[in-house]
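One structure is given below, encoded as structure tokens.
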Amino acid sequence: MGKDLLPPDGGDNIDPVDLRKALEERYLAYALSTIMHRALPDVRDGLKPVHRRIIHAMSEMGVRPNAAYKKCARIVGDVMGKFHPHGDASIYDALVRLSQDFAQRYPMVDGQGNFGNIDGDSAAAMRYTEARMTEVAALMLEGIGEDAVDFRPTYNEEDDEPIVLPGAFPNLLANGASGIAVGMATSIAPHNAHELCEAALYLIKHPDAGVEDIMTLPGQEGPKAQMIQGPDFPTGGIIVESFDSMVETYRTGRGGFRVRARWEKEDLGRGNYQIVVTEIPYSVQKSRLIEKIAELLIAKRLPLLEDIQDESAEDIRVVLVPKTRTVDPELLMESLFKLTELESRFSMNMNVLSQGKVPKVMGLVDVLREWLGHRREVLVRRSRHRLAAIDRRLEILGGLLVAYLNLDEVIRIIREEDEPKAVMMERFSITDVQAEAILNMRLRALRKLEEFEIRKEFEGLTAEKAEIEQLLGSDEKQWQTVGWEISEVKKTFAKATELGRRRSTFADAPETDEAAIHQAMIEKEPITVVISEKGWIRALKGHVDTAGLSFKEGDQLKLAFPAQTTDKLVVLTTGGKAFTLGADKLPGGRGHGEPLRIMVDMEADQDVVTAFVHEAGRKLLLASTEGSGFVIEEDGMIANTRKGKQVMNLSAKAELKLSTPVSGDHVAVIGENRKMLVFPLTQLPEMARGKGVRLQRYKDGGLSDAKCFAMAEGLSWSDSAGRTHSRSKDELIEWMGDRAMAGRIVPKGFPRSSKFTG
């Protein structure tokens, strides 16, 4: 049996194929199919094939806006069986999206039943829901039976389907689109139909207009105020993108728009208030948004917020309860905009099929021009179709008029001749069509009144034919007619109507202090920062005593100080670098902490000199081991990256020695040689970065300590026993001098450590 199946020539009938070439061919075919027939919309009607087939199938079924609803299962079945050879789930999903008023700016399907909601809940099964077309879909089909567009055979060649719809509605920009193809994607924002029609009418009159000419500045008055202001999302919201950025996006076809939720402060009396969110950004699921905010609340990332409540019914109403009535609502909302989808960015990528064939990214003006060109072509085709119909009717009417003028002869020919049709054609010089029409006349049509009606119809059609011929022969008349059609659409979707009113508005994002927002996102709690000699850092909860702390073997406490989780910490290293850490980012105090070198890019041969809580506006005295120093503003030391900021330039052997707050009017410096010098603070320069100037001159050794003080209060220090010593101005005279002098041996009772804190 098996031998009988072998080929007669004994060969194996295997053709060798280059795998790379085969893969390239097949993947290219798949890519083209995805781009052309699935993911990218046609610029002319703004539809992908599945949406076009749904609308066409509904039209064929007769479920127009004024008709009764039909089960979605019937519609999906028709689409799948006749036009779209794919799964029913994908067709139903597309149908559902066409009906959702929170997904489509101008829905094309009028759904009855559960079609999902903004929380992300899916629609009911197709056997439960019903649908029919909306007026928008009817506009998209206007003239489809008048040879307005080309048709092609369906996948099984049993029916025909339109390649593109006539598209009297500017659907691509009005409803937007999104899709992912192979190697390209599309994402187009919805817009206001009234504004699109205004812009299109302007382009008809000014064909060379640019994108700036059809855009409106926010708050602009006059006729141009009705032009394109920007996107108009179904869910509303506030667009906080700059005008220049939007112009560039529309010019290139690529860019984006920042959209924020709409909120208002609701007064509860006695100084209490709550914030109510009434609109959220486009394509954000409300339930997921609330879930995310709740997660941040639990994680203590939103210390200004007490609670969130969803009080939505048909309209959105999300209530945000502040921690206290003293919380600034602007600051609270800014912190939420930073962390949640209450602010989101809609990416714009107008990648469409130009002429239904070429995928390319187009600017706003190019898209409108191509739609206008399509509308003109539809007008010309419909006019030619009507002209052909008029010619056919005029031919028949001409024959009927001949019959009325020769009625007795016609009756005689019909009664007496064996071939009346041929005889009439020869006798009256009429065509086959005219003769057939005469023979098909009813007896009741022979009354005198009918002749008048035919003459009236003949004259009316003749006049209409002349008008159409004028239209077809004049570009100007064609554009006038296209403009009139667009004006009618504009009236239907005027901003005065509920469907046509603008939903998204524009505003500038308020100027808010970034530091204040950052602090608003951190729960304020007391901590104690601990740094060891070997550079390990940790944060203990609360302000605690560090006496009993344990460290790794061979390590010990270097410094500890109290702070709050909202504070910024500045760490200075021997290499003259300043690093900035958020106190909330420090490791907890359960273990030994983490090495600072993991958190910042500290060089291996450098150690920590000191660390402290950043205090805005404060000035510090920085000094090196070789005795050079200068005054620096602490705000200028803040570094926003792991690399830190170089604040002191050092020679090969020198290191950063100390940092001390600047106060008073004098500086006291002590060298390792136990000599002290006091000089006026004004002799030190203030710098953002540098080596500084010499503070004190040494023969051997270097700087030991420095302190700023007010001469009127005197110079004080503490010894190893904790006792405080002080010297008045008169008692310091012998140590006073100018910067860079050698100084004199310290007063009696000064600590042996040669430091102001023994």
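Residue count for the stretch 195-209 satisfying the condition of being surrounded by fewer than 23 Cβ atoms within 10 Å (Cβ to Cβ) and not acidic (Asp, Glu): 8.
Remark: residue 749 matches the filter, which requires a residue to be at pLDDT below 85 and on the phi > 0 side of the Ramachandran plot. The numbered conditions (1) within 60 Å of the chain's Cα centre (by Cα); (2) at pLDDT below 90; (3) buried (at least 18 other Cβ atoms within 10 Å of the Cβ) are all true for residue 757 except (3). Residue 639 meets all of the listed conditions (1) under 37 Å from the mean Cα position of the chain (by Cα); (2) crowded, with 18+ Cβ neighbours inside 10 Å; (3) modelled with pLDDT of 90 or more; (4) more than 15 Å from residue 687 (Cα to Cα) but one, namely (3). Look at the stretch 398-411: where a residue is within 17 Å of residue 432 (Cα to Cα) and a partner is crowded, with 16+ Cβ neighbours inside 10 Å and polar (S, T, N, Q), sitting 6+ places away or on another chain with Cβ atoms under 9 Å, you get 398/434; 399/434; 400/434; 402/434; 403/434. Looking across 648, 687, one residue alone is crowded, with 22+ Cβ neighbours inside 10 Å, in contact with a strand residue (DSSP E or B) (Cβ under 6 Å, 6 or more places away or on another chain) and over 25 Å from residue 524 (Cα atoms). It is 648.
So that you can scan it fast, the table gives a plain yes or no per residue for (1) surrounded by 14 or more Cβ atoms within 10 Å (Cβ to Cβ); (2) of a type outside the set (A, V, I, L, M, F, W, C); (3) within 29 Å of residue 145 (Cα to Cα):
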| position | (1), (2), (3) |
| --- | --- |
| 384 | yes, yes, yes |
| 420 | yes, yes, no |
| 424 | yes, no, no |
| 435 | yes, no, yes |
| 441 | yes, no, yes |
| 457 | yes, yes, yes |
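Being at pLDDT 95 or above, surrounded by fewer than 17 Cβ atoms within 10 Å (Cβ to Cβ) and more than 17 Å from residue 58 (Cα to Cα), is that true of even one residue in the stretch 125-133? Yes, some residue in the stretch 125-133 is at pLDDT 95 or above, surrounded by fewer than 17 Cβ atoms within 10 Å (Cβ to Cβ) and more than 17 Å from residue 58 (Cα to Cα). When the test is whether a residue is within 21 Å of residue 684 (Cβ to Cβ) and surrounded by fewer than 18 Cβ atoms within 10 Å (Cβ to Cβ), residue 721 does not pass it.
Just one of the listed residues (619, 577, 534) is buried (at least 21 other Cβ atoms within 10 Å of the Cβ), over 21 Å from residue 704 (Cβ atoms) and charged (D, E, K, R), namely 577.
For residues in the stretch 243-283 being more than 24 Å from residue 320 (Cβ to Cβ) and free of Cβ contacts under 8 Å to residues at least 40 places away in the same chain, which is surrounded by the fewest Cβ atoms within 10 Å (Cβ to Cβ)? Checking each candidate, the answer is 244.
For the stretch 180-201, how many residues meet the condition of being under 10 Å from residue 351 (Cα atoms) and part of a loop (DSSP other than H, G, I, E, B)? Counting residues in the stretch 180-201 that are under 10 Å from residue 351 (Cα atoms) and part of a loop (DSSP other than H, G, I, E, B) gives 1.
Of the residues making up the stretch 36-59, those that are within 15 Å of residue 87 (Cβ to Cβ) and surrounded by 23 or more Cβ atoms within 10 Å (Cβ to Cβ) are 53, 54.
If you go through the stretch 687-699 and pick out every residue that is assigned to a loop (DSSP other than H, G, I, E, B) and either of a type in the set (Val, Ile, Thr) or under 16 Å from residue 744 (Cβ atoms) (or both), you end up with 5. Count of the stretch 707-728 residues, restricted to those that are part of a loop (DSSP other than H, G, I, E, B) and either outside the structural domain of residue 681 (by TED's automatic domain parsing) or modelled with pLDDT of 90 or more (or both), is 6. For the stretch 64-75, state whether one or more residues are surrounded by fewer than 19 Cβ atoms within 10 Å (Cβ to Cβ), among the hydroxyl-bearing types (Ser, Thr, Tyr), touching a strand residue (DSSP E or B) at 6+ places or on another chain (Cβ under 6 Å) and assigned by TED's automatic domain parsing to the domain that holds residue 143. Yes: the stretch 64-75 contains one or more residues that are surrounded by fewer than 19 Cβ atoms within 10 Å (Cβ to Cβ), among the hydroxyl-bearing types (Ser, Thr, Tyr), touching a strand residue (DSSP E or B) at 6+ places or on another chain (Cβ under 6 Å) and assigned by TED's automatic domain parsing to the domain that holds residue 143.
Within the option set 495, 490, being surrounded by 12 or more Cβ atoms within 10 Å (Cβ to Cβ) and not in a helix (DSSP H, G or I) holds for one residue only, 495. Condition check for residue 295 on (1) in contact with a strand residue (DSSP E or B) (Cβ under 8 Å, 6 or more places away or on another chain); (2) free of Cβ contacts under 8 Å to residues at least 40 places away in the same chain: one failure, at (1).
Note on the stretch 570-585: residues that are under 38 Å from the mean Cα position of the chain (by Cα) and modelled with pLDDT of 90 or more amount to 5. Of the residues making up the stretch 529-580, those that are farther than 30 Å from residue 652 by Cβ and touching a residue at least 24 places away in the same chain (Cβ under 8 Å) number 19.
Is it the case that some residue within the stretch 557-567 is of a type in the set (Val, Ile, Thr), closer than 29 Å to residue 633 by Cβ and modelled with pLDDT of 90 or more? For the stretch 557-567, residues of a type in the set (Val, Ile, Thr), closer than 29 Å to residue 633 by Cβ and modelled with pLDDT of 90 or more: absent.
Of all residues in the stretch 98-151, those being within 28 Å of the chain's Cα centre (by Cα) and β-branched (Val, Ile, Thr) number 3. Report whether or not residue 96 is in contact with a Ser or Thr (Cβ under 7 Å, 6 or more places away or on another chain) and either touching a residue at least 60 places away in the same chain (Cβ under 8 Å) or of a type in the set (A, V, I, L, M) (or both). It is false that residue 96 is in contact with a Ser or Thr (Cβ under 7 Å, 6 or more places away or on another chain) and either touching a residue at least 60 places away in the same chain (Cβ under 8 Å) or of a type in the set (A, V, I, L, M) (or both). Listed by first and then second residue, the pairs linking a residue in the stretch 306-329 that is within 17 Å of residue 281 (Cα to Cα) to a residue that is loosely packed, with under 11 Cβ neighbours inside 10 Å, with Cβ atoms under 6 Å apart and 6 or more places separating them unless they lie on different chains, are 317/311; 319/311.
Could you tell me whether residue 471 is in contact (Cβ under 8 Å) with a residue 40 or more places away in the chain, among the hydrophobic types (A, V, I, L, M, F, W, C) and assigned to a loop (DSSP other than H, G, I, E, B)? Spelling it out, it is not the case that residue 471 is in contact (Cβ under 8 Å) with a residue 40 or more places away in the chain, among the hydrophobic types (A, V, I, L, M, F, W, C) and assigned to a loop (DSSP other than H, G, I, E, B). Checking the stated criteria, residue 635 turns out not to satisfy the condition of being over 13 Å from residue 578 (Cβ atoms), of a type outside the set (A, V, I, L, M) and in the same structural domain as residue 535 (by TED's automatic domain parsing). Put simply, of 148, 124 the only residue that is farther than 28 Å from residue 380 by Cα, assigned by TED's automatic domain parsing to the domain that holds residue 92 and in a loop (DSSP other than H, G, I, E, B) is 124.
Tell me, please, whether a residue that is in contact with a Ser or Thr (Cβ under 8 Å, 6 or more places away or on another chain), modelled with pLDDT of 90 or more and under 15 Å from residue 686 (Cβ atoms) can be found in the stretch 608-618. No, because not a single residue in the stretch 608-618 is in contact with a Ser or Thr (Cβ under 8 Å, 6 or more places away or on another chain), modelled with pLDDT of 90 or more and under 15 Å from residue 686 (Cβ atoms).
The values are calculated or read from the model by the stated rules, or taken from the named source; none is laboratory data. All values derive from a computational prediction rather than experimental measurement. Here the Cβ is made from the backbone with ideal geometry for all residues, glycine too, and neighbour counts use every protein chain on show.
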